[in-house]
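Colleague: The following block contains the structure, expressed as structure tokens.
The values are calculated or read from the model by the stated rules, or taken from the named source; none is laboratory data. For clarity, every value in this text was computed on a predicted model and none was experimentally measured. Reconstructed Cβ throughout: ideal geometry from the backbone, glycine too, with neighbour counts over all protein chains shown. Ligands, DNA and RNA are excluded from the accessible area calculation, which covers all protein heavy atoms including side chains. Shrake-Rupley method; radii C 1.70, N 1.55, O 1.52, S 1.80 Å.
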Amino acid sequence: MKIQTGLNQSLQLKLQTLPNKPGVYQYLDKTGKVIYVGKAKNLKKRVNSYFNKTHESARTRMLVKRIEDVRVIVVNTEFDALLLENNLIKKYQPRYNVMLKDDKSYPWICIKKERFPRIIYTRTIIRDGSEYFGPYASPKIAKILLSLFREIYFFRTCHYDLSEGKIQEGKYKVCLEYHLDNCLGPCEALQTEADYMSMIENARQILKGNFQEAKHYLKEKMLGFAKDLDFERAQKIKEKLEALEKYQAKSQVVHPSITNVDVYSIISDESYAYVNFFNIVNGAIIRSHTSEIKKKLDESNADILEEAIIELRERFPSTAKEIYLPFEVDFEIPQTKISVPLIGDKKRIVELSERNAKYYRIEKLKQTKIVDPERHTKRIMGQMKKDLHLPQEPYHIEGFDNSNIQGTSPASSCVVFRGGKPSKREYRKFNVKSVEGPNDFASMEEVVYRRYKRMLDEGETLPQLIVIDGGKGQLSSAVKSLDRLGIRGQVSILGIAKRLEEIFFPDDSIPLYLDKSSETLKVLQHVRNESHRFGLAHHRTRRSNSGFKSELEEIPGVGAKTIQNLLKKFKSIKRIKAASLEELESVVGLHRAEKLLKYFEENERGIDASKN
């Protein structure tokens with residue numbers, strides 16, 4: 001994806017590592033002020049679209065020019081993103097959020113600032129002191145609430161200026177709404193202002209999420225209609241009660257019962273911890289922040305989370321009287337309840353916080369891999385040492401695999417990884433010499449012996465970890481070779497079985513299972529898969545050549561004409577090996593005869609050594 005030039009390095013890195021998840025993004029200018037908030041089905045595609053094309057709108061071009069940083073909050077669905085976007089717009093009032101992306105404002109319910117206030121549905125906010133509740137993801141929900149208010153209360157719908165003086169002067173007359181029992185006639189002073197405002201307060205509480213009184217009132221009214229055998233009106237009230245309960249459960253990012261709460265979660269690796277913080281007010285997330293904390297010692301997640309909570313509460317002053325955490329912690333905050341949700345909406349909001357911490361970590365790791373590959377490698381090596389219980393970090397890993405078809409053209413491979421990455425120039429191919437027929441165990445024993453016998457003879461440094469492609473059988477065969485060479489305690493070895501990704505260690509019948517997303521497992525799988533690929537390629541080459549090449553072609557200085565003369569005289573490889581120097585000299589000359597005898601003798605000694 002092509003990104004425009006001129007962006008600061010930090011912003012470029014974030015654009016490359018954004019998650020492909022629904023959520024809300026916030027653009028910040030050089031002063032750290034939020035200048036735009038938007039929602040997206042796919043955060044990475046949407047945010048990057050601002051920077052990889054030329055915009056026709058001059059205002060959009062100006063916005064992009066002022067962006068110095070981007071923050072994202074990941075949510076479960078686009079529906080949640082829509083609601084969260086509006087909560088953040090309401091909180092920050094960004095300069096560039098003039099129109100929403102669908103070219104219309106979201107619906108609000110407004111309690112007008114006037115005497116005997118009206119309650120109206122609107123998509124336009126006028127800052128005249130009126131109260132606005134919302135926004136609502138669906139206009140239907142807002143209209144259901146207004147319909148509910150009209151059913152259970154007696155709010156006026158007229159646009160009269162009901163000042164005390166005009167009412168006393170008798171300027172207004174009651175309208176049809178009064179005669180239909182939809183209004184109590186405040187325009188003619190037939191209803192007191194105090195009585196009217198008590199109804200407004202009840203409606204205000206419903207809009208804030210306090211539903212119990214209204215639900216109790218509706219149930220009583222429903223039962224009253226039913227008792228009077230007015231089942232039609234009772235059914236209408238029942239439908240509005242169900243709609244109200246549905247609204248209460250589903251219309252906000254967080255359940256309305258979750259009010260004025262802070263949520264903290266943590267995930268960590270060998271070197272860093274990531275703590276996410278949500279501030280929830282009236283059932284909506286109004287603030288999200290994730291901190292990266294470098295581990296100094298071997299601190300537990302609980303220790304780090306305790307410190308992070310204190311620091312974040314100082315950084316973001318909160319009036320929350322309750323905190324949700326993923327696990328118990330051994331500390332208390334005065335006048336604040338700390339709880340660990342186990343089920344329901346409270347549990348789900350903690351899980352959402354954990355997912356945001358996880359996505360932030362993935363983003364930071366991708367950035368680190370680009371900017372500081374040495375730190376990235378060191379972190380992975382440290383994690384592997386911990387996960388596999390190794391005595392040292394496995395910067396040098398070697399992997400082995402065997403390939404054959406019904407015992408024909410057996411071949412083996414050794415691949416080398418340094419710092420978790422393939423070092424292809426150090427790969428080695430092996431033609432199995434001492435094994436006849438399909439015997440994976442014996443082939444593994446021979447190849448491992450030959451590899452490390454040569455490394456010891458040449459004074460090379462042994463790897464920190466050997467990975468065998470296979471289960472307990474292949475691993476035991478490889479361990480035999482290490483025992484014969486006397487290096488078993490100098491190098492760690494394990495086997496990885498492909499079917500269930502079981503990891504076997506010597507003298508331990510119980511395999512280790514790593515999380516499928518574990519970076520340690522991914523490195524081991526890469527080593528295993530690479531050794532299999534490289535070995536299979538070598539085996540295919542051998543098999544394709546086996547029809548017209550013989551062992552003689554592997555001898556330096558022996559060409560096709562010489563081989564043809566030898567086979568014409570002796571008829572088989574076995575007879576050539578058994579021939580004397582004089583017999584060979586009579587066919588190929590003294591120089592080539594000596595080469596042949598030397599090769600056969602060295603090959604025989606190598607086979608005997610691997611058998612002993």
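Colleague: Any idea how many residues of segment 511-532 are in contact with a Phe, Trp or Tyr (Cβ under 9 Å, 6 or more places away or on another chain), open to solvent by 20 Å² or more (accessible area, probe 1.4 Å) and among the hydrophobic types (A, V, I, L, M, F, W, C)?
Modeller: Going through segment 511-532 one residue at a time, the tally reaches 1.
Colleague: Determine whether segment 78-96 contains at least one residue that is in a loop (DSSP other than H, G, I, E, B), among the hydrophobic types (A, V, I, L, M, F, W, C), modelled with pLDDT under 85 and surrounded by fewer than 18 Cβ atoms within 10 Å (Cβ to Cβ).
Modeller: There is no residue in segment 78-96 that is in a loop (DSSP other than H, G, I, E, B), among the hydrophobic types (A, V, I, L, M, F, W, C), modelled with pLDDT under 85 and surrounded by fewer than 18 Cβ atoms within 10 Å (Cβ to Cβ).
Table: residues versus (1) in contact (Cβ under 8 Å) with a residue 24 or more places away in the chain; (2) surrounded by 13 or more Cβ atoms within 10 Å (Cβ to Cβ); (3) of a type in the set (D, E).
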| position | (1), (2), (3) |
| --- | --- |
| L146 | yes, yes, no |
| I152 | yes, yes, no |
| T157 | yes, no, no |
| E164 | yes, no, yes |
| I206 | yes, yes, no |
| A214 | yes, yes, no |
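Colleague: Can you pull out the residues in segment 299-310 that are surrounded by 14 or more Cβ atoms within 10 Å (Cβ to Cβ) and either of a type outside the set (A, V, I, L, M, F, W, C) or in contact with a Cys (Cβ under 9 Å, 6 or more places away or on another chain) (or both)?
Modeller: E299, N301, D303, E306, E307
Colleague: Are any residues in segment 486-508 within 18 Å of D387 (Cα to Cα) and of a type in the set (G, A, S), and if so, which ones?
Modeller: Listed by number, the residues that qualify are S492, G495, A497.
Colleague: Consider segment 166-186. How many of its residues are open to solvent by 40 Å² or more (accessible area, probe 1.4 Å) and part of a helix (DSSP H, G or I)?
Modeller: Within segment 166-186, residues that are open to solvent by 40 Å² or more (accessible area, probe 1.4 Å) and part of a helix (DSSP H, G or I) number 6.
Colleague: Output the residue which, of all residues in segment 318-332 that are outside any loop (DSSP other than H, G, I, E, B) and open to solvent by less than 30 Å² (accessible area, probe 1.4 Å), is nearest to E354 (Cα to Cα).
Modeller: If we take residues in segment 318-332 being outside any loop (DSSP other than H, G, I, E, B) and open to solvent by less than 30 Å² (accessible area, probe 1.4 Å), then Y324 is nearest to E354 (Cα to Cα).
Yes/no per residue for (1) touching a Pro at 6+ places or on another chain (Cβ under 9 Å); (2) open to solvent by less than 50 Å² (accessible area, probe 1.4 Å):
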| residue | (1), (2) |
| --- | --- |
| K30 | no, no |
| A40 | yes, yes |
| F51 | no, yes |
| H55 | no, yes |
| I67 | no, yes |
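Colleague: Right, next: Tell me which residues, restricted to segment 141-162, are among the polar types (S, T, N, Q) and at pLDDT 90 or above.
Modeller: The answer is T157, and nothing else.
Colleague: Return the total of residues in segment 489-500 being free of Cβ contacts under 8 Å to residues at least 40 places away in the same chain and either in contact with a strand residue (DSSP E or B) (Cβ under 9 Å, 6 or more places away or on another chain) or open to solvent by less than 80 Å² (accessible area, probe 1.4 Å) (or both).
Modeller: Looking only at that region, the number is 7.
Colleague: Which of the residues belonging to segment 451-482 are open to solvent by 30 Å² or more (accessible area, probe 1.4 Å) and of a type in the set (A, V, I, L, M, F, W, C)?
Modeller: Across segment 451-482, the qualifying residue is only L456.
Colleague: Now a separate question. Has segment 439-450 got any residue that is in a loop (DSSP other than H, G, I, E, B) and open to solvent by 30 Å² or more (accessible area, probe 1.4 Å)?
Modeller: The answer is yes; a qualifying residue exists.
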